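The values are calculated or read from the model by the stated rules, or taken from the named source; none is laboratory data. Predicted model only: the values in this text are computed from it and were never measured. Quick reminder, even Gly has a Cβ in these numbers, built from the backbone with ideal geometry, and neighbours come from all protein chains shown. When the accessible area is computed, the model is the full protein with side chains, heavy atoms only, and any ligands, DNA or RNA have been set aside. Shrake-Rupley method; radii C 1.70, N 1.55, O 1.52, S 1.80 Å.
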Amino acid sequence: MLTSLAVAPIGAEAQQTAVVRGTVRDAATGQALEDARVGAQGSAHTVATDAAGRYTLTGIAAGQVVVRVQRFGYRAAADTLTLAPGDSVAADFALRPSALHMEPVVVTAGKRSQLLDQVVTSVALVQDSELARRAVNTVDEAVDKAPGVQFLNGQVNIRGSTGYVQGLGARVLLLVDGVPANQGDRGGINWDMLPVDQVERVEIVKGAGSALYGSAALGGVVNLITRDIPTGLHARVRTTGGYYANPPDTIWRFRDYIGAQEGLDVTGSYGGDAVRASLTAGGRHSDGYREQDRSDYWEVVGKGEWLPSATSHLHLIGSWASNQYQAPLLWCEHGQCDDRGQSYQPFMIDRSQAGAHTRSDKGLFAATLEHTVSPRESWLARGSWLRTDFTDFRSPTTDFGVANRYGAEMRGLVRPTAGRVVTVGAEGALSDVTSNIFHDHGQDEFAAYAESEQRLGSARMTAGARVDYIAVDGGGLSAVVSPRVGLVLPGAGGTLFWRVSAGRGFRAPSLAEQFVETALGPFTVAPNPSLGPETAWSLEVGNAAQFGTMVRTDAALFWTEASDLIEPTIQLTVDPATGATTQQIQFQNLQRARLAGLDVALYAFPFTPHLSTSLAYTLLYTREFAHDTVPAQPLAFRPRHLLTLAADYAWGGFNLGADFRYTSRFERVELYPPTDPQVAPKVLDLRAGYQRDALSVRLLVANALNYLYNLAPQTLAPVRTVTMTLTWTY
Amino acid sequence: MRRRAFAALLALVLNVACNGGLEPIPVCAKGFVGICGTVTFQGTEPDSTQAVYIVAYHTFPHSRDSLFTFQPSLLLLQKLPLDSSAAFYAVSLPAGRYEWVVAVWVKQGFTLENADSTLRETGYYRDPADASQPGVVNVSAQTEGIDFVIDFGRMHRPCSYYTPPCP
């Protein structure tokens, strides 16, 4: 963040420091702006303004410095100050609202701060203002409506990357403040690891990100960036309450009361000159919207920062979350419950699964030390520990898995010459699992990476590569090389940017995919220890353009050729002795597959600056090429069309808005009968909000038309849910 | 122009969003061949209950040999849900004439060998004109309204219907 917020050094270096204090306000209304980011050259950190718009920058090297302020939805502002040693200088800023903001800063695409229009791949941003406006209650809800992103029963897809594999083997890497956080055993993502109130913004990098992030980043990277700790003593209380609509048809009624949900998060923080800390605790309860769908969730999140000098910054984050939930599993089909003469009961469950429930605990601890050696050199060292622990209480067996993932990373950032930035680093991760269905295994990953960006006139060219070594159970290392090249080319007038990138991504099979041995309905699931990494070459051509002050577009053509794609396959095995036929699921490396398409996003302010609208459309073509006796066919669980429309009207402290999401039917499902009812989801969300000073009230009516649909087979998606959220900030 | 385009887009969204979605599909919908109805439960379900099934006989079983000549086949039997005072049911049957549509209570530990002691008739569809007699059902397509009472307090062993009856 530092490198983008601070401009080139102006004054001579000073050994003594000064303090800059001030406020940030809306130039039009005079309203204090919370969460504006303030940074100064020479300081290793930025600070966020508090609810009163106040900030304090400490440890600023004396001399002439530039203090710069950024906030989403406003034009950035900067001021040049001359600071004497020991000075305490006031610098207030008034930001002008900017309907179109062409220069948000992202930190994920290149493992460093970059302006969005200088990034070679597509990046979608979900800012805290959008999170607040949409009044979402979970992190996956926050990510779900981003362009090109779709969730299938908790499994994230970026441009159709993953499909639906019951949570196993995500082809998307989750980062929490840059720390990898995919499960050590299943490779999936626990979206409830952090409360949504702790998330300041989400960066979604689309396409292969393995050149910097290695395995799991085959389809993209989602980085959850947590809130900065403001200076001073602060508190924040967020409480939610709501209810679920009952089934629209009486023959589907399954309870005689209205299902409710409620939650509370409380945060306290203190930010001093050298030490800052925050602690959040909270919980949620939900009755669920269908039978056997209750859940209870508790979480604690702590953050700490230590600034021993003006050039060093230590971040600590620790989170623990426990979720105890009933497992609704598959809906009831005729004969499996009191079906009332219906061929299926989407709100009820198969009685044979009655009582199934799960306890899922997850903890993440990470420490990151950043040090700025000089304006040209900085480094970062990081260590992390992720632990996931689940127990599925089901009949006839209880399954469990405990996994640890220990990670470490060293990264250096060098600017050897003007216009050139080099990022180098090394990363290692040790994963282990103890489980009755995955058994006891371990996986070691070691990697080194480097990427260089060179400015060539107005263009920027990027080239880099990463080599990963992976060993399972202490066996031989297998190496995977992931190169990437990219080019950003501004058009005339600075309102048009072309970007081109090509690279190779990969994903090592998760321990679960290699060693799972269990039963899934009528199928047995067999291990495949010889499963190898899947790889993919990806090409993307993108364009971002601004048309006047009213319209901004971002479009990208993408093309991915995947080899050895890991997909579940069904095999019929015949016992030669008895002739009995059994159906077996096994993860296998498919020969080749293709995912290609078009990703378009349009943002417009059609009538008045108070009204903002957006349209995001993804056209996806997938193909699994013919192999063995399997003919060419679409990849399973990928929709051809994904459309999201949004509109928001803001006036003073009031806000009204709506989202509409259309997803076309899957061309192919697997493991489940294609005769299962399936419709194309068309979901409308409505929202309203009011904010005055420290208090905000948000109303969200998700799935307002109570459109009943399913994405994952025999799994009803959420019905109309009305939620009220109150947030008070001190 | 922009307002019209916006209004048209909004109308399109509302139109698209307001139709479709998952809807109930009765088992007894067109195309289904079999019987459907509601059974009403009376009495206390025995603790030793393994399951209750609805089966149909083309001809009334008067001997041990004809006990397992019912439809549908053993593999396609579906348990009745017993956790409410009444239950809808739908049993797929081949087209034809059925003299006895009966609910069979199955005791825990049932095997084909001990069927005489672990099965009970616990209710059957009755002739609307003479409730003392079983009702005949002609199945050609979906046959609805085959409603009857399952009384756990009045269960009968299979041999009650044999000739000669139970010793």
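Label positions at A:D473 and A:H357, each projected 7 Å from the Cα along the C-beta direction, are separated by 3.6 nm. Spatial offset of the stretch A:511-563 relative to the stretch A:442-510 amounts to 16 Å, using the alpha carbon center of each. For a paramagnetic label modelled on A:I258 (point 7 Å from Cα along Cα→Cβ), amide N atoms under 19 Å away belong, within the stretch A:269-290, to A:285-290. The alpha-carbon of B:K79 sits under 29 angstrom from the alpha-carbons of these lysines, leaving out residues fewer than 8 places away in its chain: B:K30, B:K107.
Treating r as the C-beta distance of A:S88 and A:V266 and R0 as 45 Å, the FRET efficiency rounds to 0.90. For the stretch A:330-349, a drop of 30 Å² or more in accessible area on going from the chain alone to the assembled protein chains (1.4 Å probe) is found at A:H334, A:G335, A:D338, A:R340, A:G341, A:Q342, A:S343, A:Y344.
Computed over neighbours whose Cβ is under 12 Å from that of A:Y469, the net charge equals -3, Lys and Arg +1, Asp and Glu -1.
Whole number in Å², please: accessible area per residue of chain A, 1.4 Å probe, ligands, DNA and RNA not counted. Walk me through the numbers on the way to the answer.
Values: 27510 Å² over 730 residues.
Accessible area per residue: 38 Å².
Would you mind counting up the charge near A:A544? Only other residues with Cβ under 9 Å from its Cβ, with Lys and Arg at +1 and Asp and Glu at -1.
On the way: positive: A:R499, A:R552; negative: A:D117, A:D554.
Net of charged neighbours comes to 0.
Under 17 Å from a label point set 7 Å out along the Cα-to-Cβ vector of B:F68, the amide N atoms of the stretch B:127-167 belong to B:158-159.
Here the stretch A:132-210 and the stretch A:674-725 have alpha carbon centers that stand 18 Å from each other. Spin-label model, B:S117/A:W537: points 7 Å from Cα along the beta carbon direction are separated by 7.5 nm. Each label point was placed 7 Å from the Cα along the Cα-to-Cβ direction; for A:L496 and A:E561 their separation is 3.0 nm.
In the protein assembly as shown, Rg over Rh equals 1.04, where Rg is the alpha-carbon radius of gyration and Rh the Kirkwood radius from pairwise Cα distances.
What part of the accessible area of chain A, given as a whole %, is carbon or sulfur when the probe is 1.4 angstrom? Carbon plus sulfur share of accessible area: 59 percent.
Straightening the chain between A:T582 and A:V630 buys 15.4 nm, computed as 0.36 nm per residue apart minus the Cα-Cα spacing.
A straight chain from A:R592 to A:M724 at 0.36 nm per residue would run longer than the Cα-Cα distance by 42.8 nm. Once the partner protein chains are put back, the stretch A:675-724 shows a loss of at least 10 square angstrom of accessible area, versus the chain by itself, at A:P677, A:V679, A:K682, A:L684, A:L705, A:Y707, A:L708 (probe 1.4 Å, ligands and nucleic acids excluded).
With respect to the cross-link table entries A:K111/A:K206; A:K206/A:K682; A:K145/A:K682; A:K145/A:K206, which display a Cα-Cα separation exceeding 21 Å?
With Cα atoms farther than 21 Å apart: A:K206/A:K682.
Report the far tail of the P(r) of the stretch B:27-161, meaning the percent of Cα-Cα pairs longer than 24 Å. Of all Cα-Cα pairs in the stretch B:27-161, 24 percent lie more than 24 Å apart. Within the accessible area of the stretch B:27-161, the carbon and sulfur atoms contribute 52%, probe 1.4 Å, all protein chains present.
Mind giving me the FRET efficiency for A:F400 and B:F110? R0 is 41 Å, r the Cβ-Cβ distance, nearest 0.05 is fine. Spell out each step's value before the answer.
Details: r = 34 Å, r/R0 = 0.83.
Given R0 = 41 Å and the Cβ-Cβ separation, E is 0.75.
Treating r as the C-beta distance of A:F547 and A:F654 and R0 as 35 Å, the FRET efficiency rounds to 0.80. Separation of the stretch B:43-94 from the stretch A:239-278 is 45 Å, based on Cα centroids. Residues of the stretch B:26-59 losing 20 Å² or more of accessible area relative to the isolated chain, 1.4 Å probe, heavy atoms only? SASA drop of 20 Å² or more in the stretch B:26-59: B:P26, B:V27. Once the 1.4 Å probe is applied to the protein heavy atoms, the stretch B:27-161 comes out at 50 Å² accessible per residue.
How much accessible area is lost when chains A and B come together, counting both sides, with a 1.4 Å probe, in Å² rounded to the nearest 100? All intermediate terms of the calculation are to be shown ahead of the outcome.
Details: alone 28670 and 10510 Å², together 36760 Å².
Answer for the A-B pair: about 2400 Å² buried.
Neighbours of A:D440, meaning other residues whose beta-carbon lies under 13 angstrom from its beta-carbon, give a summed charge of -4 when Lys and Arg score +1 and Asp and Glu score -1.
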